[in-house]
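In what follows, a single structure is set out as structure tokens and then discussed.
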Amino acid sequence: MPTITAPDGTRLYHEESGQGVPIVFVHEFAGDHRSFEPQMRHFSRSHRCIAFDARGYPPSEVPDAPEAYGQDIARDDVVAVLDGLGLERAHIVGHSMGAYTALHVAIHHPERCLSVAAIGCGWGSHPDEGEERAAVCADIARMFREEPMEAAAAAYARTPMRKAFESKDPRGFADFEKTLADHSATGLSLTMSQVQGRRPTLWDLREPLSRLAVPLLVIVGDEDDPCLDGSVFLKRTAPMAALVVVPRSGHTLTLEEPAAVNAALADLFRAVADGAWMTHRRDS
């Protein structure tokens, strides 16, 4: 089983396919490496694609200590994947929780990023949502800790931001729900309480984001209400950011609308390779 060892000794499972310029995929809270299967299949024809499972998500190790989880630790795990695979730089593609982590990699280690894509980023990040976010995260952590996994997965999968996926693609949604139910209750509970519940908001990151020189693509579904404001904030704040809004779509974009996501990512990778990302601004 291919694993990479994080700085604290936690083993992280990863899969890879293809050759060429590397892309590292960082998954959302309700997903794992399988959440990027449509992207892995598409881009491995021309790139070296790596998808890994965050700590707490088997077959990666599941530490049982709360202090083994956190936003800075998640950031360092991505760098550990790069180091473990001998990658000096890569395109970093993150979804939701993984998008926050990808942004932290770009802020703290811009030299390791060819580009960053932040898909469905912004839940719980508005300054007015601080107390509400803390309460929601505590409730979700408790649910995964105390309720049967199948029931907890069914409840979490059916939040309003995922209704479009369930309606448009019931078969794909069923696979997504099954994937979520396969996860570790301990890992999900600690990830929610220690990463999601304690990370800084996008608004907290205004100053470093305003100086970010890494090419940044922000992708959001127009029915992903909790992430719309945050996605627009990223576009307005980061000088190298472009925004793609996918119509009639919710939060689980990599699986719900893979063709739209793949097309947007392909445009990003092509523009970066050509040195043409945001060149229109230099000409204006």
**Prompt:** Does residue 142 satisfy being among the basic types (Lys, Arg), over 27 Å from residue 247 (Cβ atoms), at pLDDT 95 or above and surrounded by fewer than 20 Cβ atoms within 10 Å (Cβ to Cβ)?
**Reply:** yes
**Prompt:** Restricting attention to region 162-183, does a residue exist that is within 28 Å of residue 241 (Cβ to Cβ), of a type outside the set (Gly, Ala, Ser), at pLDDT below 95 and surrounded by fewer than 21 Cβ atoms within 10 Å (Cβ to Cβ)?
**Reply:** no
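Here are 217, 253: which of them is modelled with pLDDT of 95 or more, in contact with a Gly (Cβ under 9 Å, 6 or more places away or on another chain) and either among the β-branched types (Val, Ile, Thr) or closer than 28 Å to residue 159 by Cα (or both)?
253
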**Message:** Given the criterion in a helix (DSSP H, G or I), in contact with a helix residue (DSSP H, G or I) (Cβ under 6 Å, 6 or more places away or on another chain), surrounded by fewer than 23 Cβ atoms within 10 Å (Cβ to Cβ) and aliphatic (A, V, I, L, M), identify the matching residue among 188, 243, 209.
**Reply:** 209
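If only one of 105, 62 is under 27 Å from residue 258 (Cβ atoms) and either touching a Cys at 6+ places or on another chain (Cβ under 9 Å) or modelled with pLDDT of 95 or more (or both), which one is it?
105
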**Set 116, 105, 136: member being more than 30 Å from residue 270 (Cα to Cα) and among the β-branched types (Val, Ile, Thr)** = 136
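Could you tell me whether any residue of region 234-248 is over 21 Å from residue 23 (Cβ atoms) and within 18 Å of the chain's Cα centre (by Cα)? Give the steps one after another, and end with the answer.
Residues of region 234-248 that are over 21 Å from residue 23 (Cβ atoms), as a first pass: 235-237, 239, 245, 247-248.
Of the ones still in play, those that are also within 18 Å of the chain's Cα centre (by Cα) are 235, 245.
Within region 234-248, one or more residues are over 21 Å from residue 23 (Cβ atoms) and within 18 Å of the chain's Cα centre (by Cα).
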**Request:** For residue 195, indicate whether it is surrounded by 14 or more Cβ atoms within 10 Å (Cβ to Cβ) and either in contact with a strand residue (DSSP E or B) (Cβ under 9 Å, 6 or more places away or on another chain) or at pLDDT below 95 (or both).
**Result:** no
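Please verify whether region 15-32 includes one or more residues that are in a helix (DSSP H, G or I), out of contact with any helix residue (DSSP H, G or I) (no Cβ under 6 Å at 6 or more places or on another chain) and more than 23 Å from residue 193 (Cα to Cα). Before the answer, list the steps.
First, the residues of region 15-32 that are in a helix (DSSP H, G or I): none.
No; the residues of region 15-32 include none that is in a helix (DSSP H, G or I), out of contact with any helix residue (DSSP H, G or I) (no Cβ under 6 Å at 6 or more places or on another chain) and more than 23 Å from residue 193 (Cα to Cα).
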**Prompt:** Residues of region 82-102 being out of contact with any Cys (no Cβ under 7 Å at 6 or more places or on another chain), crowded, with 24+ Cβ neighbours inside 10 Å and in a helix (DSSP H, G or I), which ones?
**Reply:** 97, 98, 101, 102
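Please work out if residue 253 is farther than 25 Å from residue 208 by Cα, under 19 Å from the mean Cα position of the chain (by Cα) and surrounded by 17 or more Cβ atoms within 10 Å (Cβ to Cβ). Steps first, please.
Numbers: farther than 25 Å from residue 208 by Cα: yes; under 19 Å from the mean Cα position of the chain (by Cα): yes; surrounded by 17 or more Cβ atoms within 10 Å (Cβ to Cβ): yes.
Spelling it out, residue 253 is indeed farther than 25 Å from residue 208 by Cα, under 19 Å from the mean Cα position of the chain (by Cα) and surrounded by 17 or more Cβ atoms within 10 Å (Cβ to Cβ).
Collect the residues in region 103-120 that are part of a strand (DSSP E or B) and within 9 Å of the chain's Cα centre (by Cα), keeping them in residue-number order. Give the steps one after another, and end with the answer.
Narrowing region 103-120 to residues part of a strand (DSSP E or B): 113-119.
Passing the criteria: 117, 118, 119.
Which residue out of 116, 78, 105 is without any contact (Cβ under 8 Å) to a residue 40 or more places away in the chain and among the β-branched types (Val, Ile, Thr)?
Details: 116 fails: without any contact (Cβ under 8 Å) to a residue 40 or more places away in the chain; 78 fails: without any contact (Cβ under 8 Å) to a residue 40 or more places away in the chain.
Testing whether each residue is without any contact (Cβ under 8 Å) to a residue 40 or more places away in the chain and among the β-branched types (Val, Ile, Thr) leaves just 105.
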**Prompt:** Which one is nearest to residue 145 (Cα to Cα), of the residues in region 33-64 that are part of a strand (DSSP E or B) and either touching a Phe, Trp or Tyr at 6+ places or on another chain (Cβ under 6 Å) or of a type in the set (Phe, Trp, Tyr) (or both)?
**Reply:** 52
**Asked** When residues of region 36-52 are filtered for being crowded, with 24+ Cβ neighbours inside 10 Å and in contact with an Asp or Glu (Cβ under 8 Å, 6 or more places away or on another chain), how many remain?
**Response** 4
**Message:** I'm told residue 72 meets every condition in (1) over 30 Å from residue 172 (Cβ atoms); (2) surrounded by 23 or more Cβ atoms within 10 Å (Cβ to Cβ); (3) not hydroxyl-bearing (Ser, Thr, Tyr) except one. Can you identify the failing condition by its number?
**Reply:** (2)
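The values are calculated or read from the model by the stated rules, or taken from the named source; none is laboratory data. Predicted, not measured: the structure shown is a model, and the values here were computed from it. Positions of Cβ are generated from backbone atoms using ideal geometry, with glycine treated the same way; all protein chains shown enter the neighbour counts.
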